[in-house]
Amino acid sequence: MQMMGHTETVRLLIQHGARPSLRTQDGWTPAHCAAEFGRLSVLRLLHSLHAPIDQEDRCGDKPLRIAQVYGHQDCVDFLRTNGENRFSKNSNQT
């Protein structure tokens, strides 16, 4: 049996009530985590669902910076193009 991919797992979690705008104690959003691990498809999904993909963590780093640090150029390119998420400024839920 084939395992479900990361994108489908995230989609299912959100469909069942997970809130993609929540943050960790360090201020990370799901977009920060996706950027760290190079999960471009998850970043695309989050963006399509109007989840914040450009918020700063407690150190001032955005998912774009995290993707740069870990060398995920495809994520960097996507975040540069789509990083100004029009919904992110209203998604300051903790």
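The values are calculated or read from the model by the stated rules, or taken from the named source; none is laboratory data. What you see is a predicted model, and the numbers here were worked out from it, not measured in a lab. Virtual Cβ from ideal backbone geometry, glycine too; neighbours counted across all protein chains shown.
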**Prompt:** Across region 21-32, what is the total count of residues that are crowded, with 16+ Cβ neighbours inside 10 Å and either modelled with pLDDT of 95 or more or aromatic (Phe, Trp, Tyr) (or both)?
**Reply:** 6
**Message:** Tally up the residues in region 51-82 that are of a type outside the set (D, E, K, R) and assigned to a helix (DSSP H, G or I), please.
**Reply:** 13
**Prompt:** What are the residues in region 33-64 that are buried (at least 20 other Cβ atoms within 10 Å of the Cβ) and more than 11 Å from LEU79 (Cβ to Cβ), if any?
**Reply:** ARG39, VAL42, LEU45, ALA51, PRO52, GLN55
**Asked** When the residues of region 24-40 are filtered to those that are of a type outside the set (Asp, Glu) and more than 17 Å from GLY83 (Cβ to Cβ), which remaining residue is farthest from the chain's Cα centre (by Cα)?
**Response** GLN25
